[in-house]
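To start, the structure under review is shown below, and the notes come after it.
Taken together, the values in this text are just the output of simple stated rules run on the coordinates, not laboratory data. These numbers come from a predicted model, not from an experiment. Here the Cβ is made from the backbone with ideal geometry for all residues, glycine too, and neighbour counts use every protein chain on show.
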Amino acid sequence: MIVVYHHKNKVVDTNNVDLNTIEKGNTLSMVEFLIALAKEHPDEILVWCHIKLKEQLNVSEIAELFHHKRLLMSYNPSESSCIDKRIGYVEESTFININKTVTYPTWQMSGLVGGIYGSALLALKNEVIHDKDFNYFLCSLAKLGMPKGLLCYSEPKFLKHPEKESESPKVNLFRLFRFVKQHYKTRWVLLLLGNLMIYERKFPVLPFIFSFFYRNRSNKNINVEVIKVQSSNKVVEKATIDVIIPTIGRKDYLYDVLCDLRNQTHLPVNVIIIEQNPLLNSISELDYVSNESWPFAIKHTFTHQAGTCNARNMALMQVTNEWVFLADDDIRIATDFFQKALEGLAAFGVKAVSLSCLQKGEKKAHTNVFQWGSFGSGCSIVFADSLKLCKFKMGYEFGFGEDGDFGKQLRNQGVDVLYLPEPQILHLKAPMGGFRTKPTLAWSNDPVQPKPSPTVMLYQILHQTKEQILGYKTILFFKYYKHQKIKNPISYFINFRKQWDRSVYWANELNKKE
């Protein structure tokens with residue numbers, strides 16, 4: 001491990017390198033110096049630290065933090081980032097509103113303190129080598145690398161007392177517009193300008209114009225998969241698995257799922273089935289649960305209360321083993337599914353993955369492992385202890401948003417969610433059970449129908465920044481126009497604002513549900 005201490009973008013001290021290297025660093029920027037070090041020491045962890053934090057640097061913890069070579073981590077206790085918070089106007093992802101108290105996935109890097117393996121830096125440097133702004137360089141590196149499989153985190157363990165030191169980067173609209181131009185499609189630059197005009201009454205014409213002097217950056221030539229991953233984190237010990245499956249009216253499909261589980265090379269210990277039937281006086285139709293012999297225990301619960309949020313919460317309370325596979329009742333999996341999934345978890349040293357789940361004939365969009373922006377409540381495997389403080393919020397019942405909310409709960413505990421392209425799940429998208437009843441939503445008779453759906457608004461209110469919510473509002477305004485009947489723009493604007501307000505009202509009502 002090599003630690004580089006810097007001040008005003010220049011090297012002022014290092015450890016584990018000779019004096020000639022330090023003298024060379026005095027003539028180079030931090031970016032140039034780190035790349036030079038990476039070429040000489042590709043297998044070393046390269047750590048940067050502002051000189052004022054030298055005594056705060058938690059050197060003894062750093063080697064353990066870098067449990068494999070495909071990692072980029074940094075930390076700044078300040079709520080501000082190098083890229084202004086108004087980036088939320090153009091990005092809705094979970095990587096914007098981050099929890100600084102835990103290890104949290106984000107591309108928002110900091111030059112205050114952080115680290116990367118030399119080999120990972122070399123795999124990514126070509127697109128960003130000309131940056132002189134160290135903070136900008138790191139953010140760009142992470143933004144380009146994350147979709148390709150570079151795992152990027154805000155990591156408070158870099159500092160002994162992370163709450164004591166803070167550096168708030170100055171607001172810089174030139175940097176913000178440049179970043180959007182270089183890392184998003186050009187239309188997002190226009191949208192950023194529009195949002196600043198609408199919501200902040202600002203017209204930053206110079207930052208807008210100057211952004212077009214920068215070329216877009218592409219990650220097409222980035223290949224971090226050449227860096228082999230084998231985590232030193234021992235997350236898989238017992239390798240015991242519980243499967244939870246909510247089901248309603250899909251007897252035959254569920255039977256096929258159980259048969260796939262029965263044929264696994266690595267068998268689950270328990271299969272927890274929550275069967276729902278809202279019809280009064282109805283009884284279970286799953287006769288095969290008790291009529292057939294299964295190589296695992298089946299914990300079967302029958303309830304008249306419909307809803308997957310409630311069903312999954314009931315199942316989570318019955319988990320007793322090390323890992324939990326959250327499954328749907330209309331999927332098919334290969335015989336080596338659990339074996340391969342556990343190998344993936346062990347290789348990356350993570351406690352939550354969502355797996356590729358496609359319909360027949362559907363083409364896989366992603367072929368590499370990367371940090372997933374959401375969560376799949378029917379296609380994920382999670383470390384059981386990480387679920388103890390999580391539950392599916394009942395406000396999302398019969399709507400959308402529970403997956404994203406659950407994933408956010410995990411991340412706020414310091415549990416990242418990776419996407420694994422293999423093993424793959426086949427999603428049959430089976431027809432709904434014949435006895436399903438359409439739920440009556442609280443806002444069904446509201447004279448002003450909420451837009452967006454209150455469950456979608458609930459997620460926005462609970463987990464997004466103010467800028468993200470307003471950016472979403474702008475996009476929805478334009479997208480929704482062609483799908484509704486009011487074509488007069490002024491009338492549409494007035495009606496949209498009323499619908500938005502009703503959505504906020506009902507979302508707050510949903511938030512009261514336990």
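Grab the Cα-Cα distance for VAL226 and ASN445, subtract it from 0.36 nm times how many residues apart they are, and report the gain in nm with one decimal.
Details: separation 219, 0.36 × 219 = 78.84 nm, distance 5.68 nm.
73.2 nm is the gain from fully extending VAL226 to ASN445.
If you wrap a convex hull around the C-alpha atoms of region 93-145 and split its volume per residue, what is the figure in Å³? Spell out each step's value before the answer.
On the way: hull volume 4.8 nm³, N = 53.
Output value, Cα hull per residue: 90 Å³.
Give the calculated FRET efficiency between LYS160 and THR186 to the nearest 0.05, with a Förster radius of 41 Å applied to their Cβ-Cβ distance.
Values: r = 44 Å, r/R0 = 1.07.
Efficiency, from the Cβ-Cβ distance: 0.40.
Just to confirm a number: summing +1 for Lys and Arg and -1 for Asp and Glu over residues other than VAL369 whose beta-carbon lies under 14 angstrom from that of VAL369, what do you get? It would help to have the intermediate numbers written out before the result.
Numbers: positive: LYS69, ARG70, LYS148, LYS228, LYS340, LYS364; negative: GLU225, GLU343, ASP416, GLU422.
So the surrounding residues net to +2.
Against the globular-protein guess of 2.2 N^0.38 Å, express the Cα radius of gyration of the chain as a ratio, rounded to two decimals.
Working: Rg = 25.1 Å, N = 514, 2.2 N^0.38 = 23.6 Å.
That ratio works out to 1.07.
Full-extension gain between LYS363 and ASN263, please, as 0.36 nm times their residue separation minus the C-alpha to C-alpha distance. All intermediate terms of the calculation are to be shown ahead of the outcome.
Working: separation 100, 0.36 × 100 = 36.00 nm, distance 2.62 nm.
Full-extension gain reported as 33.4 nm.
For the chain, what is the percent of antiparallel DSSP beta bridges, rounded to the nearest 5? Spell out each step's value before the answer.
Working: 28 of 59 bridges.
Once the DSSP bridges in the chain are tallied, antiparallel ones form about 45 percent.
About the Cα centre, and with charges only on the beta carbon of Lys, Arg (+1) and Asp, Glu (-1), how big is the dipole of region 1-95? Nearest 20 debye, please. Mind showing how you got there, number by number?
Values: 10 positive and 14 negative charges, 49 e Å.
In total the dipole reaches around 240 debye.
Can you tell me the 0 to 90 degree angle between the C-alpha axis of helix 489-510 and the longest principal axis of the chain, rounded to 10?
So the inclination is approximately 70 degrees.
Count charges around PRO489 for me, please; just the other residues with Cβ under 14 Å from its Cβ, Lys/Arg as +1, Asp/Glu as -1.
+4
Packing-wise, with mean Cβ within 10 Å as the measure, how do 254-265, 454-465 rank, highest first? It would help to have the intermediate numbers written out before the result.
Working: 254-265: 17.8, 454-465: 21.7.
Final packing ranking: 454-465, 254-265.
Does anything in region 292-334 have its amide N under 15 Å from the 7 Å Cα→Cβ label point of GLU237, and if so which residues?
321-323
Can you give the local net charge around VAL102? Use residues other than it whose beta-carbon is closer than 11 angstrom to its beta-carbon, Lys and Arg +1, Asp and Glu -1. All intermediate terms of the calculation are to be shown ahead of the outcome.
Working: positive: LYS100, LYS157, ARG411; negative: GLU155, ASP416.
Net of charged neighbours comes to +1.
With +1 assigned to the C-beta of every Lys and Arg and -1 to the C-beta of every Asp and Glu, and no other charges, what is the dipole magnitude of the chain about the Cα centre in debye, to the nearest 20?
Values: 63 positive and 51 negative charges, 466 e Å.
I would put it at about 2240 debye.
Just want the answer: with Cβ charges of +1 for Lys and Arg and -1 for Asp and Glu, which residue in PHE208, ILE51, TRP500 is farthest toward the dipole's positive end in the chain?
Checking the options against the dipole of the chain, the answer is PHE208.
Only four residue types carry charge here, +1 at the Cβ of Lys and Arg and -1 at the Cβ of Asp and Glu. Report the dipole size of region 241-427 about the Cα centre in Debye, rounded to the nearest 20. Don't skip to the end; give the middle numbers.
Working: 16 positive and 22 negative charges, 86 e Å.
Once rounded to the nearest 20, the dipole reads 420 debye.
Report D for region 454-510 in µm² per second (integer): Stokes-Einstein, Kirkwood Rh on Cα pairs, 25 °C, 0.890 mPa s. Please report the intermediate quantities before stating the final value.
Values: Rh = 11.9 Å.
Once the numbers are plugged in, D ends up at 206 µm²/s.
I'd like the orientation of helix 402-411 relative to the chain: the angle between its Cα long axis and the longest Cα principal axis, in ° from 0 to 90, rounded to 10.
40 degrees
Over the chain, what is the relative contact order in percent, taking alpha-carbon pairs closer than 8 angstrom and at least six residues apart? Write down the numbers at each step before the final one.
Values: 981 pairs, mean separation 75.6, N = 514.
The value is 15 percent.
Taking only the alpha carbons of region 60-153, what extent do you get along each of the three principal axes, in Å, biggest first?
34, 31, 23
Quick check: pseudo-label points 7 Å beyond the Cα along Cα→Cβ at ASP256 and ASN9, how many nm apart are they?
6.0 nm
Hey, if you put +1 on the Cβ of every Lys and Arg and -1 on every Asp and Glu Cβ in the chain, which of ILE486, THR106, SER60 ends up farthest toward the positive end of that dipole?
Ranked along the dipole, the leading option is ILE486.
When only Cα pairs under 8 Å and 6 or more residues apart are kept, what is the percent relative contact order across region 210-359?
Across region 210-359, relative contact order equals 37 percent.
Hand me the trypsin sites (Lys or Arg not before Pro) from region 336-445 located in a DSSP loop with no more than 11 other Cβ atoms within 10 Å, in residue order please.
On the way: sites: LYS340, LYS351, LYS360, LYS363, LYS364, LYS388, LYS391, LYS393, LYS408, ARG411, LYS429, ARG436; in loops: LYS351, LYS360, LYS363, LYS364, LYS388, LYS391, LYS393, LYS429, ARG436.
Of the trypsin sites (Lys or Arg not before Pro), the ones in loops of region 336-445 whose Cβ has at most 11 other Cβ atoms within 10 Å are LYS360, LYS363, LYS364, LYS388, LYS429.
Would you please put 137-147, 236-246 in order of how densely packed they are, using the mean number of other Cβ atoms within 10 angstrom per residue and starting with the highest? Provide the component values of the computation, followed by the final result.
On the way: 137-147: 23.7, 236-246: 20.1.
Most protected by this proxy first, the peptides run 137-147, 236-246.
Run the numbers for LYS39 and ILE494: contour at 0.36 nm per residue of separation, minus the present Cα-Cα distance, in nm. Please list the in-between numbers first.
Numbers: separation 455, 0.36 × 455 = 163.80 nm, distance 5.94 nm.
Difference between extended and current length: 157.9 nm.
Of LYS185/LYS487; LYS466/LYS487; LYS85/LYS466; LYS451/LYS473; LYS238/LYS340; LYS473/LYS498, which pairs sit farther than 18 Å apart, going by alpha carbon to alpha carbon? The partial results should precede the final answer.
Values: LYS185/LYS487 28 Å; LYS466/LYS487 29 Å; LYS85/LYS466 9 Å; LYS451/LYS473 10 Å; LYS238/LYS340 15 Å; LYS473/LYS498 13 Å.
Those over the limit are LYS185/LYS487; LYS466/LYS487.
As a test of understanding, state the convex hull volume per residue of region 203-266 from its alpha carbons, in Å³.
Values: hull volume 21.1 nm³, N = 64.
Hull volume over Cα atoms, normalised by residue count, gives 329 Å³.
Pull out a ≥ b ≥ c, the square roots of the eigenvalues of the alpha-carbon gyration tensor of region 80-122, then state rounded if a/c is under 1.5, prolate if not and a/b is larger than b/c, and oblate in the remaining case.
Values: a/c = 1.95, a/b = 1.72, b/c = 1.14.
Here region 80-122 falls in the prolate category.
For LYS479, go through the aspartates and glutamates and keep the ones whose alpha-carbon is under 17 Å away, minus same-chain ones fewer than eight residues off.
The reachable aspartates and glutamates, counting only those whose Cα sits under 17 Å from LYS479, are GLU91, GLU92.
Along the Cα-to-Cβ line of LYS170, 7 Å from the Cα, sits a label point; which residues in region 200-237 have backbone N less than 20 Å from it?
203-211
Return the equivalent ellipsoid semi-axes of region 2-226 as a descending list in whole Å, where each equals the square root of 5 times an eigenvalue of the C-alpha gyration tensor. Show your work: numbers first, answer last.
Numbers: eigenvalues 167, 72, 58 Å².
Working from the Cα gyration tensor, I get semi-axes of 29, 19, 17 Å.
Pairs LYS52/LYS157; LYS54/LYS170; LYS228/LYS391; LYS485/LYS512: which exceed 27 Å Cα-Cα?
On the way: LYS52/LYS157 17 Å; LYS54/LYS170 23 Å; LYS228/LYS391 35 Å; LYS485/LYS512 33 Å.
Violating the 27 Å Cα-Cα cut-off are LYS228/LYS391; LYS485/LYS512.
Once the dipole of region 241-427 is set up with Lys and Arg at +1 and Asp and Glu at -1 on Cβ about the Cα centre, which of GLN318, TYR396, ILE241 lies farthest towards its positive end?
So the residue furthest toward the plus end is TYR396.
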